[in-house]
Amino acid sequence: MERLTFSIMINAPREKVWDTMLGDETYRKWTEVFMPGSYFVGDWSQGSKILFLAPDGKGNNSGMVSRIKANRLHEFISIEHLGFIENGIEDTSSEAVKAWAGAFENYTLKASDGSTEVLVELDTTEEHKEMFESTWNDALKILKTLSEGSNGKFS
């Protein structure tokens, strides 16, 4: 696996960026670039299971099974990916999952004079590297727009 890194400066306080990044309504907006209809089920507390899902076009939701490894409020969140969900069924033990299970997605928020630097580090396989390189910067630009807008609203 390879670790990719992305960052952006957002002209908003760290707390607002955090809330925008992890809030249900705004999460759906900034993650749309990865998979239309993206959403999460679960919560962001340390140790909790969380599902990252999107409609698969077959009447089911597909996505990833993950766990929140660390959560330091307004500073750092670490997500460990454990498996896939396909056709509504969790898979945490197949050979396909074993190739990348244990991959991390880490977010660090650093305050700087009323602004916030968002640093994203994620582990990926060669198969997904190009997709992440072409979408992460777009996702972060949407997060920036949402966070800098009034009350986190995006229009």
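Can you tell me the equivalent ellipsoid semi-axes for segment 81-122? Use √(5λ) from the Cα gyration tensor, largest first, whole Å. Numbers along the way, then the final one.
Numbers: eigenvalues 224, 24, 5 Å².
Semi-axes, largest first: 33, 11, 5 Å.
May I ask you to evaluate 6.51 cos²θ - 1.76 cosθ + 1.60, the Karplus curve with θ = phi - 60°, for each residue of segment 44-51 and list the ³J(HN,Hα) values in order in whole Hz, giving x for glycine and proline?
3J(HN,Hα) across segment 44-51, in whole Hz: 9, 6, 4, x, 7, 7, 9, 10.
Given points 7 Å out from each Cα along the Cα-Cβ axis, report the residue 35 to residue 110 separation in nanometres with one decimal.
In this crude spin-label approximation the distance works out to 3.1 nm.
I'd like the projected area of segment 7-155, averaged over all directions, using the convex hull of its alpha carbons. Report it in nm² with one decimal. Walk me through the numbers on the way to the answer.
On the way: hull surface 34.9 nm².
Orientation-averaged projected area of the Cα hull: 8.7 nm².
Pull out the extension gain between residue 91 and residue 129, defined as 0.36 nm times the separation in residues minus the alpha carbon to alpha carbon distance; nm, one decimal. All intermediate terms of the calculation are to be shown ahead of the outcome.
Details: separation 38, 0.36 × 38 = 13.68 nm, distance 2.19 nm.
Full-extension gain reported as 11.5 nm.
Just the ratio, please: alpha-carbon radius of gyration of segment 1-59 over 2.2 N^0.38 Å, N its number of residues.
In units of the 2.2 N^0.38 Å rule of thumb, it is 1.31.
Just going by the charge dipole of the chain, with Lys and Arg at +1 and Asp and Glu at -1 on Cβ, which of 142, 94, 57 is farthest out on the positive end?
Value: 142.
Quick one: net charge around residue 63, please, counting Lys, Arg +1 and Asp, Glu -1 for every other residue with C-beta under 12 Å from its C-beta.
Values: positive: none; negative: 56, 86, 90, 91.
Once all neighbours under 12 Å are counted, the net charge is -4.
Using the basic label-point model (7 angstrom from Cα toward the beta carbon), what is the residue 117 to residue 4 distance in nanometres?
2.1 nm
Every read-out reported here was derived from the displayed coordinates using simple, explicitly stated rules and does not represent laboratory data. Computed from a prediction, not measured in an experiment: that's the story for all the values here. Virtual Cβ from ideal backbone geometry, glycine too; neighbours counted across all protein chains shown.
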